[in-house]
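In what follows, a single structure is set out as structure tokens and then discussed.
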Amino acid sequence: MIKFLNLKKINERYRSEIDLRIKKVLDSGWYILGNECKVFEENFAKYIGAKHCIGCANGLDALNLIIRAYGFSQGDEIIVPANTYIASILAISQNGCTPVLVEPDIETYNINPDLIEEKITDKTKAIMVVHLYGQAVQMQKITEIAKRHNLKIIEDSAQAHGSVLNGVKCGVLGDASGFSFYPGKNLGALGDGGCVTTNDDELAKKIRAIANYGSDYKYHHIYKGTNSRLDEIQAAILDVKLKYLDDDNNRRREISKYFRENIKNSNIILPKTHHEMSHVWHIFAVRVCNRDDFQKYLEERGIQTNIHYPTPPHKQGAYVEWQNAKYPITEKIHDEIISIPMSPVLDDIEVEKIVEVINGYKL
């Protein structure tokens, strides 16, 4: 069986280094807001090209903290892709703001820049872009729109660690960015974790305080804060794995290129990218009309798959107010999308088998 994602095999490569760093944390006796988190924040900020990195508990919290720190509140609108994981939208609604959904580009699955401006009102405060599946959003037009309307750009970079657009990494393409370090991400912890990156000094200072009970120093609370911190063990593990992220992303690109050049089945719609470096292939998602049949066919031949995502946010019970809304491009994607195995530990024989099996599929 070719697993969809073999996390044990991915992390086993770093076992000796991780063991040493965990021992260092245990021996230190300091487990929250210590040196390991500080070192990782500095190294990740440098890697991204940001002035600031603030570790937090998870990717949803990262987005939540950004919106909260900007002071957006009840009635404020934030534009967000209709085609995204629900966390992007939860962060908006959890702050009392109104998510305004925009359809994606059917070619890239990312937000369609041509449809954004018509959704802007006098209540709009920000545009949230989601670098879905690891592909950087084409930012030029969005940046121009944001400047024209004095809007903030918030990046959801949860799936785009190391993705590069015109020489600039996701994480500094907007005003602030949220990352997730969920174990399955390209840079994954061995538990939950996240961070915010930004070049805004004041925003960084405020986010760091809000995430630590609203405290700028011990027992002094200037905001009604929350508790969202990246613990020392996860920070140490991430710092080990960060050194290998570019190599892992390059292996993903190699596999993706092989898939795109060798899958020749007319029933399968392959993903597209504007530029090889702009995609880190967190997910390799294809589209097929008869998805359930295709998934069963692959499973019977020893290939695990996943669906990212079966139900769009506007059809989820959490957002019953949208149940009658129509987003046909988003719905088409969610009806047809299926993710095949993609990870840096897939070997050439496995990659070739995946291609061979897919090429043999008939509707």
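The values are calculated or read from the model by the stated rules, or taken from the named source; none is laboratory data. None of these values were measured; they are calculated from a predicted model. Ideal geometry is used to build each Cβ from the backbone, glycine not excepted, and the neighbour counts take in all protein chains shown. The accessibility values were calculated without ligands, DNA or RNA, using every heavy atom of the protein model including side chains. Shrake-Rupley method; radii C 1.70, N 1.55, O 1.52, S 1.80 Å.
Before moving on, here are some points about what is shown:
- Here the contact order of the chain, divided by its residue count and restricted to Cα pairs under 8 Å and six or more residues apart, works out to 22 percent.
- Set of region 321-355 residues, backbone N closer than 13 Å to the point 7 Å along the Cα-Cβ line of Asn290: none
- Look at the Cα gyration tensor of region 153-249: its axes a ≥ b ≥ c give a/c of at least 1.5 with a/b at or below b/c, and that counts as oblate.
- With each label modelled as a point 7 angstrom along the Cα→C-beta vector, the Arg13-Glu202 pair spans 4.3 nm.
- For region 219-303, the list of chymotrypsin sites (Phe, Trp or Tyr not before Pro) that fall in a loop by DSSP and count at most 11 other C-beta atoms within 10 angstrom reads Tyr219.
- Near Lys51, the amide H atoms lying under 5 Å from its own belong to Thr198, Asn199; only residues 5 or more places off or on other chains count, and H is placed 1.01 Å from N.
- Multiplying the residue separation of Asp348 and Leu190 by 0.36 nm and removing their Cα-Cα distance gives an extension gain of 54.2 nm.
- Mean separation of Cα contacts under 8 Å (6+ apart) over length of region 1-90, as relative contact order %: 15
- Shape call, region 45-89: gyration tensor on alpha carbons, a/c limit 1.5: prolate
- Pairwise centroid distance, computed over Cα atoms, of region 36-109 with region 295-329, Å: 22
- Helix-only [θ]222 nm of the chain, DSSP H runs n ≥ 4, -39500 (n - 2.57) each, per residue, nearest 500: -11500 deg cm²/dmol
- Loop-exposed trypsin sites (Lys or Arg not before Pro) per DSSP, neighbour cap 11 Cβ within 10 angstrom, longest uninterrupted part of the chain: 1-217
- Long pairs among Lys141/Lys169; Lys8/Lys296; Lys169/Lys243; Lys8/Lys185, criterion Cα-Cα beyond 21 Å: Lys8/Lys296
- Working from Cα pairs under 8 Å separated by at least six residues, relative contact order for region 147-230 is 19 percent.
- Computed label-point distance, nm, for sites Lys243 and Arg301 using a 7 Å Cα→Cβ extension: 4.0
- In the context of the full set of protein chains, region 1-96 has a per residue accessible area of 47 Å² (1.4 Å probe).
- Cα shape, the chain, gyration tensor, a/c 1.5 rule: oblate
- Expressed to the nearest 5 percent, the antiparallel share of DSSP beta bridges inside the chain is 60 percent.
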